[in-house]
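Heads up: the structure comes next, in structure tokens.
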Amino acid sequence: MTELERYINSHSSPEAELLAELERETNLRITQPQMLSGHIQGRFLKLLVQMLRPQRILEIGTYTGYSALCMAEGLNDGGVVDTIEIEEEIEEFAASFFERSPYGDKIHQHIGSAIDVIPTLQGTYDLIFIDGDKRQYPDYYRLLMGDEGAEPKVHSGSYLLADNILWYGKVVEEVHSGDRHTQGILSFNDMVAHDPRVENVIIPLRDGLNLIRVK
């Protein structure tokens, strides 16, 4: 951690001890721990939920549950977070922290490919956090927006927040033909930028967030 990052952390609201434990255990026991949202992005997600006051949140990419817990923390009573994770071997790990959290009863876990799970979910969502397979970001967007005959999962005034949208700076570098992750991010960003149904802004927090509002 750099001195600047330490300064940011020390001058931002602290994370709960359970979240700090979740981060430690993720780093010790789970592969690719850099995928975890972490302190600053987690506090941002909580505050965003408190500002937007959604009742229904959809998360694509649970991982070990840090971001889901942060969003649930910001929810009003009666709010729910549906969170989808394709890797079933980490389902119990995330669930063990949900069970210990005072906000865990707001979280509903779904295991499977988001492409398969999304069409089975009923109704629309006020906020959708996209943090799944970067190669499938364009597919997620089409499904959520109700393109190609899909049932839309958004309404006028819904917000979508897509993570890792700068992809370690690769979005402004030459893309190799086999780099499907960067290609997926680039395609997603272009789709959003040219979609008259939405307005958006890219926020350079961590690896980039694309904040999108449905008109």
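All of the numbers you see were taken from the coordinates with simple rules; none came from a lab. Keep in mind that what you see is a predicted model, and the values were worked out from it rather than measured. No Cβ is skipped: glycine too gets one built from the backbone with ideal geometry, and neighbour counts run over all protein chains shown.
If you go through the range 100-116 and keep only what is surrounded by fewer than 14 Cβ atoms within 10 Å (Cβ to Cβ), farther than 21 Å from residue 27 by Cβ and among the charged types (D, E, K, R), you end up with 105, 116.
The set of residues from the range 34-53 being within 16 Å of residue 15 (Cα to Cα), of a type outside the set (S, T, N, Q) and outside any helix (DSSP H, G or I) comprises just one member, 36. Quick one: is residue 153 of a type in the set (D, E, K, R), in a loop (DSSP other than H, G, I, E, B) and surrounded by 15 or more Cβ atoms within 10 Å (Cβ to Cβ)? Here the answer is yes, as residue 153 does meet what is asked.
The residue pairs whose first member lies in the range 33-51 and is under 18 Å from residue 160 (Cβ atoms), whose second member is crowded, with 20+ Cβ neighbours inside 10 Å and among the aromatic types (Phe, Trp, Tyr), and whose beta carbons are closer than 7 Å, counting only pairs six or more residues apart or on different chains, are 37/66. Kindly establish whether residue 5 is within 29 Å of residue 126 (Cα to Cα), without any contact (Cβ under 8 Å) to a residue 40 or more places away in the chain and loosely packed, with under 13 Cβ neighbours inside 10 Å. Judged against the criteria, residue 5 is not a match.
Here residue 83 does not fit the description of being outside any helix (DSSP H, G or I) and out of contact with any helix residue (DSSP H, G or I) (no Cβ under 9 Å at 6 or more places or on another chain). Hey, among the residues in the range 143-196 that are over 17 Å from the mean Cα position of the chain (by Cα) and among the acidic types (Asp, Glu), which one's farthest from residue 37 (Cα to Cα)? This residue is 148. For the range 175-188, the set of residues classified as in a loop (DSSP other than H, G, I, E, B) and polar (S, T, N, Q) consists of 177 only.
For every residue, the table says whether it meets (1) outside any helix (DSSP H, G or I); (2) surrounded by fewer than 16 Cβ atoms within 10 Å (Cβ to Cβ); (3) basic (Lys, Arg); (4) in contact with a Phe, Trp or Tyr (Cβ under 8 Å, 6 or more places away or on another chain).
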{"position": "122", "(1), (2), (3), (4)": "yes, yes, no, no"}
{"position": "132", "(1), (2), (3), (4)": "yes, no, no, yes"}
{"position": "141", "(1), (2), (3), (4)": "no, no, no, yes"}
{"position": "190", "(1), (2), (3), (4)": "no, yes, no, no"}
{"position": "196", "(1), (2), (3), (4)": "yes, yes, no, no"}
{"position": "207", "(1), (2), (3), (4)": "yes, yes, no, yes"}
